[in-house]
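Participant: First the structure, then my questions, so here it is.
The values are calculated or read from the model by the stated rules, or taken from the named source; none is laboratory data. Note that the structure is predicted; figures quoted are calculated from it, not measured. So basically every Cβ, Gly included, is an ideal-geometry build from the backbone, and we count neighbours across all protein chains shown.
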Amino acid sequence: MIAASVRIRSVRNKKLLIWNFMEELLKKYNKTSRRGGSTVFKIRDFESTKLPIFSMDEPFIFETLKEYERSRGFIRIHDGFVALTSKGVSQTKEGRKDWD
């Protein structure tokens, strides 16, 4: 019963992280792309990675984001930086925000 509870909390926390992270990435992307700036961002600069439920669990954050990168292909992570991929940009332009 405890293992199931931990697993459910872990899945919920992953979804919470991904949803918040992707929404924040989209806002950053839209703001900087309109100004012609770089659309590559430091992962550590995202407020969504600093939510209290993730404090003290940096490995969880990076593992979750890397897993998401591999499974969905909406983001590209390299050396602590993240960017939307062309697939991720297409996803946002279609108006869909189905990040799961």
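Participant: Which residue is nearest to Gly88 (Cα to Cα), if the candidates are limited to the range 36-63 and must be of a type outside the set (Asp, Glu) and assigned to a loop (DSSP other than H, G, I, E, B)? Full working, then the answer.
Facilitator: Here is the first cut: in the range 36-63, the residues of a type outside the set (Asp, Glu) are 36-44, 46, 48-56, 59-62.
Of the ones still in play, those that are also assigned to a loop (DSSP other than H, G, I, E, B) are 36-39, 46, 51, 55-56.
Numbers: Gly36: 18, Gly37: 18, Ser38: 16, Thr39: 12, Phe46: 18, Leu51: 24, Ser55: 27, Met56: 29 Å.
If we take residues in the range 36-63 being of a type outside the set (Asp, Glu) and assigned to a loop (DSSP other than H, G, I, E, B), then Thr39 is nearest to Gly88 (Cα to Cα).
Participant: Here's something else I'd like to know. Please give the number of the condition Leu26 fails out of (1) within 18 Å of Lys93 (Cβ to Cβ); (2) free of Cβ contacts under 8 Å to residues at least 60 places away in the same chain; (3) hydrophobic (A, V, I, L, M, F, W, C).
Facilitator: (2)
Participant: Identify, by number, the condition in (1) farther than 20 Å from Ser33 by Cα; (2) modelled with pLDDT of 90 or more that Ala83 doesn't meet.
Facilitator: (1)
Participant: When only residues in the range 31-46 that are surrounded by fewer than 14 Cβ atoms within 10 Å (Cβ to Cβ) and without any contact (Cβ under 8 Å) to a residue 24 or more places away in the chain count, which is nearest to Phe81 (Cα to Cα)?
Facilitator: Filtering first and then ranking leaves Asp45.
Participant: Could you pull out the residue among Ser5, Ser33 that is in a helix (DSSP H, G or I), at pLDDT below 90 and either among the aromatic types (Phe, Trp, Tyr) or out of contact with any Asp or Glu (no Cβ under 8 Å at 6 or more places or on another chain) (or both)?
Facilitator: Exactly one residue qualifies, and that residue is Ser5.
Participant: With the structure loaded, tell me whether Asn13 is surrounded by 11 or more Cβ atoms within 10 Å (Cβ to Cβ), modelled with pLDDT under 90, of a type outside the set (A, V, I, L, M, F, W, C) and part of a helix (DSSP H, G or I) or whether it fails that test. Talk me through it step by step, then tell me what you get.
Facilitator: Details: surrounded by 11 or more Cβ atoms within 10 Å (Cβ to Cβ): yes; modelled with pLDDT under 90: yes; of a type outside the set (A, V, I, L, M, F, W, C): yes; part of a helix (DSSP H, G or I): yes.
Considered against the rule, which asks whether it is surrounded by 11 or more Cβ atoms within 10 Å (Cβ to Cβ), modelled with pLDDT under 90, of a type outside the set (A, V, I, L, M, F, W, C) and part of a helix (DSSP H, G or I), Asn13 comes out as yes.
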